[in-house]
Amino acid sequence: MKRVLLIKLTSLGDLIHALPALSDAKDARPELEFDWVIDENFQEIARWHPAVKGVVTSNHRQWREALTHPATLGSMSHLIAGIRAVEYDLVIDAQGNFKTALLSMFARGPRAGFDRHSVREWIAHLAYQRRFAVSKNAHAIERLRLLFAAALDYPVPASQPDFRLQRERFVKPKVDLPREYLVFVHSASWKTKLWPEPHWEELLKRSAQSGFKVLLPWGNSDEEARARRLAIHSGIQVLPRLSLSEMAYVLERARACVCMDTGLSHLIAALNVPSITLYGATDSGLIGASGRSQVHLRSDLDCSPCQKKTCRYSSTENPCLRQITPERVHRELLRQLNPLSAPPGSAPVQATR
C-alpha cells in the first residue's frame, strides 16, 4: 500500500485535529503518500504537513447558492475529476457525513470510514467497504488516530499528538508587529461560543494596564467591527485580514493567547503557544484545544456543555460564558506568562479548570 486519499473538507479546528493521525501513519508506514480533499479556504493546512503530496480543493460551500448554475456544475465536475485522477490503495473518509461519503464513492479505490455507531451521520457508513468502530466519547484527535491505525493496519501509538507543522511554510505578513505581544481571538462561529463584549473590554483594559501589547485578528466584517470596538486602549492593535499561513506566522510568535472555542485556538495549541480557551456550550473533553501549555476554562453551570448553537435561557448573551469573569481569565493569563509559577524543571501541560 502506498497511495491514500484522505477526505476531510472542513472546518479549521477539525482539520488541525487530523494532522496527528497523518504523523502516526507516516511514522508507522513510511512508504505512504497522502492526497487530501479539502475546502479551498483551508488548503494551506494540508500543505503544512509533510505526509501530504497532493491537494484536491473543493468550493462546495458556494454550491448551495446556485446549485444548477453552469459555474457550479463546472466546479463539481472539476472536483470529481480531481478525485478520480489517481487510483488509490485506500480512501479514508475522516469526516463521516453524507457529503464526504458521497465524494468518497467517486474515488478509485477501496473506501474506509467509521462504522454505523461511530460515524457523524448514520447514512455515511453505507458508502464504506471497510468500517471501524471508534468511541464517540473519545477526543476528536484520538478518534482520528484510532481510525487511521485501524484502516492502515498499524498499532495505535501511545505518544502525544504530533501535529508536525512545517513552519517554514508560514508567511510573514506585511504588517508591523510589536517585539512581544499577546493575541486575543474574540470570534467564533456559534453565538453560544462568544464571550460577552464587556468581558473582552475589561480583559483588554487589564492587559493594557499590565503593559502588554495585544493583537486582535478577524475573518469577516462582523468580527472586524467587533475588533475595532474593542481596540480603545493604547497597545491594542487590530490586524489586517490575513491568510492562514500569515496568521500562523503571527500566532507562533505570540507570548500567549486568549481564545474562544474556534479554529484558531486549535492552531495555537498545535503550535504549543501558551493559551487560555473559554468553553461554555461545547465540551473541551471531546474537542478541546490540544497541546502544551493549554488551559481550558469551563463554565460550571448545570446546562453546560449543551452543544447548542442557541441558548435556551437567553436570547441576548450566554450565561455560561458570562460566568467566566475577566478577572479569572487575567489571573490565568498572568500565570501563563510567569514561568516562575511552575515548579522548576516541570514541563508545560494541558489543564482544565
Measuring from its Cα centre, the range 149-253 shows a charge dipole (+1 at each Lys and Arg Cβ, -1 at each Asp and Glu Cβ) which, in debye to the nearest 20, is 280
In degrees rounded to 10, the 0-90 angle between helix 197-209 Cα long axis and the longest Cα principal axis of the chain is 60
Rounded to the nearest 10 degrees, the helix 70-84 long axis (Cα) sits at an angle to the longest Cα principal axis of the chain of 70
For the chain, the per residue accessible area (1.4 Å probe, Å²) is 46
Share of accessible surface on carbon and sulfur in the range 107-259, whole %, 1.4 Å probe and ligands ignored, is 46
Projected onto the charge dipole of the range 95-223 (unit charges on the beta-carbon of Lys, Arg, Asp and Glu, signs +1, +1, -1, -1), the Cα from PRO178, LEU126, TRP218 with the largest positive-side position is that of LEU126
In debye to the nearest 20, the charge dipole size for the range 172-217, taken about the Cα centre with +1 at each Lys and Arg Cβ and -1 at each Asp and Glu Cβ, equals 180
In nm, the gap between the two label points placed 7 Å beyond Cα toward Cβ at SER11 and GLU87 is 4.0
Quick calc: nm separation of the 7 Å Cα→Cβ label points for LEU73 and GLU33 -> 3.5
Sorted on mean Cβ neighbours within 10 Å (highest first), peptides 52-58, 291-297 come out as 291-297, 52-58
Ranking ALA51, VAL37, LEU9 by how far each Cα lies towards the positive end of the charge dipole of the chain (+1 on Lys and Arg Cβ, -1 on Asp and Glu Cβ), the top one is LEU9
Scoring the range 1-133 by relative contact order with C-alpha pairs under 8 Å, at least six apart, yields a percentage of 22
Residue-normalised 222 nm signal for the chain, counting each DSSP H run of n ≥ 4 as -39,500 (n - 2.57), nearest 500 deg cm²/dmol, is -10000 deg cm²/dmol
Heavy-atom accessible area of the range 1-78 with neighbours in place, 1.4 angstrom probe: carbon+sulfur share in percent works out to 49
Once all protein chains are kept in place, GLU121 shows an accessible area at probe 1.4 Å, nearest 10 Å², of 80
Note to self: C-alpha centroids of the range 56-102 and the range 215-288 sit apart, in Å, by 30
Descending accessible area (1.4 Å probe), largest on the left, turns SER234, SER23 into SER234, SER23
With +1 at each Lys and Arg Cβ and -1 at each Asp and Glu Cβ, the charge dipole magnitude of the chain around its Cα centre, to the nearest 20 debye, comes out at 120
Expected field for HIS139, accessible surface area in Å² at 1.4 Å probe radius, rounded to 10, holds 40
Expressed in square angstrom to the nearest 10, the accessible area of TRP218 with a 1.4 Å probe stands at 50
Shape call for the range 148-191, from the Cα gyration tensor axes a ≥ b ≥ c (a/c under 1.5 means rounded, otherwise prolate when a/b beats b/c, else oblate), comes out prolate
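The values are calculated or read from the model by the stated rules, or taken from the named source; none is laboratory data. What you see is a predicted model; the values in this text were computed from it and never measured. In this analysis, Cβ positions are derived from the backbone assuming ideal geometry, glycine residues included, and neighbour counts consider all displayed protein chains. Side chains are part of the model used for accessible areas, which takes the heavy atoms of the whole protein and leaves out ligands, DNA and RNA. Shrake-Rupley method; radii C 1.70, N 1.55, O 1.52, S 1.80 Å.
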